[in-house]
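Some notes on the structure that comes next.
Just so it is clear, none of the values below were taken in a lab; they were calculated from the coordinates. Model, not experiment: these values are computed from the prediction. Note: ideal-geometry Cβ built from the backbone for every residue, glycine included; neighbour counts use all protein chains shown.
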Amino acid sequence: MKILKFNKKPSKIVAVGLNYIDHAKELNMRIPDEPVIFLKPPSSVIFNNEKIKYPKMSKQVDYEAELAVVIGKKCKNVSEENSKKYILGYACLNDVTARDLQKKDRQWTRAKSFDTFCPVGPHIVSGINPDQLKIELFLNGKLKQSSNTKNLIFKIGKLVSFISKIMTLEKYDVIATGTPVGVGPVKIGDKIEVKIEKIGTLKNYVVSEK
Ligand code: MG
């Protein structure tokens, strides 16, 4: 196990929707037979202890605790078996989402892309098995999400392989692997912590947009 600083912004964040069965059910969405992916822009990235700005355009902003995969080497058309060679390590990620805008627009770009909507960190951990890690989210110290990456519908190797068949992955690119059941709204002043076993805790605060 090795701990690396997370201080490089990715060229893109590829996020996976509906990758835990329970979360798909809570949103009334069909379980996908292939990964459903979308992009978050690099401008949405913030790091540990930085502030999430609540946009005036939204009335419901939700947290989503996720395991992040950080790519270590430029790659394309990677097989599932070789995928680990291209992974630098793992981190916590919060796929912050303007839920009202996600429902209204039906496609997700606006809802997922506001500045500060992609906290990652607190560091990158390598040399761990990502397929069996406890994942939790605490809102103001209260447990709101609790699951394990063993419940992922599409596992890490499958995701890296699938995405790399679509687009070239660059060093430091991030894959957000999906959130478990228990998503919910935040308000200005809240403290949000994403905690993943063997990785650590990513902490951010919600502030008003100025
Ligand atoms: Mg998500």
The long-range amide H neighbours of residue 54, using H built 1.01 Å from N in the peptide plane and a cut-off of under 5 Å, are 207, 208, 209
Net dipole in debye of the chain [+1 Lys, Arg Cβ; -1 Asp, Glu Cβ; about Cα centre; nearest 20]: 460 debye
Estimate the FRET efficiency between residue 129 and residue 56 by the formula 1/(1 + (r/R0)^6), using the beta-carbon distance for r and 45 Å for R0, to the nearest 0.05. 0.60
Would you mind getting me the FRET efficiency between residue 146 and residue 168? Use the beta-carbon distance for r and R0 = 41 Å, nearest 0.05. 0.70
Zone of residue 80 (label point 7 Å along Cα→Cβ, backbone N under 15 Å): which residues in the range 153-172? 153-165
Qualifying trypsin sites (Lys or Arg not before Pro) in the range 24-67, DSSP loop, other Cβ atoms within 10 Å at most 12: 30, 56, 59
Using only the Cα atoms of the range 1-108, construct the convex hull and provide its projected area averaged over every direction, in square nanometres to one decimal. 8.7 nm²
Which whole-number percentage describes the relative contact order of the range 1-67, with Cα contacts under 8 Å and a sequence gap of 6 or more? 33 percent
So what's the back-of-envelope 222 nm ellipticity for the chain, counting only DSSP H runs of four-plus at -39500 (n - 2.57) apiece and dividing by all residues, rounded to 500? -3000 deg cm²/dmol
What whole number of Å gives the distance from the Cα centroid of the range 161-202 to the Cα centroid of the range 1-37? 6 Å
Distance histogram in 10 Å bins (all Cα pairs of the range 2-208, percent per bin): 9, 39, 39, 11, 0
Please state the relative contact order of the chain as a whole percent: Cα pairs under 8 Å, 6+ residues apart? 34 percent
Near residue 74, which lysines are there with a Cα under 23 Å away, not counting those fewer than 8 places off in the same chain? 2, 5, 8, 9, 12, 40, 84, 85, 155, 158, 165, 171
Just want the answer: with Cβ charges of +1 for Lys and Arg and -1 for Asp and Glu, which residue in 156, 132, 122 is farthest toward the dipole's positive end in the chain? 122
Computed FRET efficiency, Cβ-Cβ of residue 73 and residue 31, R0 25 Å: what is it to the nearest 0.05? 0.20
